[in-house]
Amino acid sequence: MINRKFKKCLITGITGSGGSYLAEYILLKDKNIKIFGIYRSLGNKNLLKNKRIELIKSDLCNFSKTQKIIKKINPNIIFHLASTSNVRESFDSPKKTIENNNAITLNLLEIIRTNKINSLIIICSTSEVYGQVDQKFVPITEEVPLCPTSPYAVSKVTQDLMGRAYFLCHGMNNCF
């Protein structure tokens, strides 16, 4: 999974369950890579005690601070996992969920584009983007129509589409 050309990896949302497991996996598979992790809340921070992981507490909604961090790191690969991800909470605070998730993704993509940072960007999505899937579409493939049924899922569809737009319009190296 991790190619030897990647020496610096950035994981946004590293203290979430997905981010902490991903960091652990990368460290097992590549003995030379350095991982930088941006986090907003403590989450699984205790699981991330390794000298090859540098944790940075920051809010990705803050464009200028995020830009300074990313320019300093100059990552070769970015796993974008950061999101407000509680589906139930997204119904209670839809505006907050959608604004946060889309702002952090737009900030990340704009920082990479405007600073001409040559990173592979992997925007991590969720099965929630497919909504309630008819049995005829199981197993789910990428050809299944997107049909989000929560504000959280809508925000994740938007993140995917932003990644696609930046790939198509700016030639950025995005996986979504």
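The values are calculated or read from the model by the stated rules, or taken from the named source; none is laboratory data. It should be emphasised that the depicted structure is a prediction, and the values quoted were computed from it without experimental measurement. Here the Cβ is made from the backbone with ideal geometry for all residues, glycine too, and neighbour counts use every protein chain on show. SASA here: full protein model, heavy atoms, side chains in, ligands and nucleic acids out. Shrake-Rupley method; radii C 1.70, N 1.55, O 1.52, S 1.80 Å.
Criterion first (open to solvent by less than 50 Å² (accessible area, probe 1.4 Å), among the polar types (S, T, N, Q) and touching a residue at least 24 places away in the same chain (Cβ under 8 Å)) does N86 satisfy it?
no
Checking the condition under 17 Å from G13 (Cα atoms) and of a type in the set (D, E, K, R), which residue from E128, E143, E99, E89 passes?
Going through E128, E143, E99, E89 in turn, just one is under 17 Å from G13 (Cα atoms) and of a type in the set (D, E, K, R): E99.
Which numbered condition trips up Y130, out of (1) touching a His at 6+ places or on another chain (Cβ under 7 Å); (2) buried (at least 18 other Cβ atoms within 10 Å of the Cβ); (3) more than 18 Å from S58 (Cβ to Cβ); (4) not β-branched (V, I, T)?
Going through the list (1) touching a His at 6+ places or on another chain (Cβ under 7 Å); (2) buried (at least 18 other Cβ atoms within 10 Å of the Cβ); (3) more than 18 Å from S58 (Cβ to Cβ); (4) not β-branched (V, I, T), Y130 breaks only (1).
Sort out which residues of segment 126-151 are under 18 Å from T84 (Cα atoms) and part of a loop (DSSP other than H, G, I, E, B), and write them in order of number.
T126, G131, P148, T149, S150
Counting just the residues of segment 26-79 that are acidic (D, E) and within 24 Å of C175 (Cβ to Cβ), which one comes out modelled with the lowest pLDDT?
D30
Of the numbered conditions (1) part of a loop (DSSP other than H, G, I, E, B); (2) of a type outside the set (A, V, I, L, M, F, W, C); (3) without any contact (Cβ under 8 Å) to a residue 60 or more places away in the chain, K72 satisfies every one except a single condition; which is it?
K72 satisfies every listed condition except (1).
Within segment 130-137, is there a residue that is at pLDDT below 95 and among the hydrophobic types (A, V, I, L, M, F, W, C)?
yes
Please tell me if I98 is open to solvent by less than 40 Å² (accessible area, probe 1.4 Å) and closer than 22 Å to F167 by Cα.
Answer is no for this residue.
Which numbered condition in (1) closer than 22 Å to C175 by Cα; (2) open to solvent by 70 Å² or more (accessible area, probe 1.4 Å); (3) at pLDDT 95 or above is the only one that E142 fails?
Failed condition: (3).
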